[in-house]
Amino acid sequence: MNAIHTEILYFQRRLDATRAMADAAAGPCARRAHELLAQLYGENLEVLSAQAAGLIAEPVPTLAVRSIGAAPRLRPIAHRPRLTLKLAC
């Protein structure tokens, strides 16, 4: 079993548990929150299933050589005093 199948099993368990919580929710707000979370888990499962089937190839991350280092500063940043709240006593 590879990493994608492990993630699919994890999200399937989370989806089942979230649907159970949505069914057991006391109020409409909690029910809606769990239904939305279940929808997001379902979307993630669809993407993982497509990856497992080989339909989607993971993009190869490319980095420009210049983006790895810090950007040079054109001028030094002057030290500014910290703003503090003065209490009227």
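All of the numbers you see were taken from the coordinates with simple rules; none came from a lab. Source: prediction; values computed, not measured. Positions of Cβ are generated from backbone atoms using ideal geometry, with glycine treated the same way; all protein chains shown enter the neighbour counts.
What the table shows:
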item	result
Length released on extending from His5 to Gln39, taking residue separation times 0.36 nm less the Cα-Cα span	10.3 nm
Under the Karplus curve 6.51 cos²θ - 1.76 cosθ + 1.60, θ = phi - 60°, whole-Hz ³J(HN,Hα) for region 7-13, x wherever Gly or Pro sits	5, 4, 4, 4, 5, 5, 5
Ala52 paired with Ala24, simple spin-label distance in nm, labels 7 Å along Cα-to-beta-carbon	2.6
Inter-probe distance in nm under a simple model that places probes 7 Å from Cα toward Cβ, at Gln12 and Arg32	3.2
Shape category assigned to region 1-53 from the gyration tensor of Cα positions, a/c cut at 1.5	prolate
